[in-house]
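Q: Would you mind keeping the following structure in view while I ask a few things?
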Amino acid sequence: MKTKLIALMLLAGGSAFAESHWSISIGGYAPGYYPPPPAPYRVYQRQDLHEDYRDIQRDYEQVDRLRADIARDRYQLHEALEDGDEWRASRIARDLARDQRALDALLHDIARDHRDIRHDEQELNRERGYWGYGWR
């Protein structure tokens, strides 16, 4: 048996200390399979995922407030322009532009949070062995 093992290792082109395809298979792990990360890492991932969900919920509440502010500013801008009050219209237009920039940044942040959630869920599912990632 030992000679077969040494012959296989020499055939694979590795030494007794190199981690090759054969040493992983002989060591108890199939190629491509690695032991799961320690439990504290999984706890961190779940907490991170939970925080991402809460962050998105708060962001969507802020989006609703900003959209309401933008709608109010547009209405007031329209009224100021109809009244011919250019000073008030320019002030409202600045507020409207600031709110629109904040809304755009917030929507960008939400998209990033969704990507983070997908990544975290894939990591957790991979650890559980779903979708063909790893096997237990």
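Read-outs: derived from the displayed coordinates by stated rules, not from any lab. Worth saying up front: this structure is predicted, and the values here are computed from it rather than measured.
Q: Return one quarter of the surface area of the convex hull spanned by the alpha-carbon atoms of region 54-97, equal to its mean projected area, in nm².
A: Its Cα hull, projected and averaged over all orientations, spans 2.9 nm².
Q: Next question. Short version: ³J(HN,Hα) in whole Hz for each residue of region 100-107, in order, from phi by Karplus 6.51 cos²θ - 1.76 cosθ + 1.60 (θ = phi - 60°), x for Gly and Pro, what are they?
A: 5, 5, 5, 5, 4, 5, 5, 5
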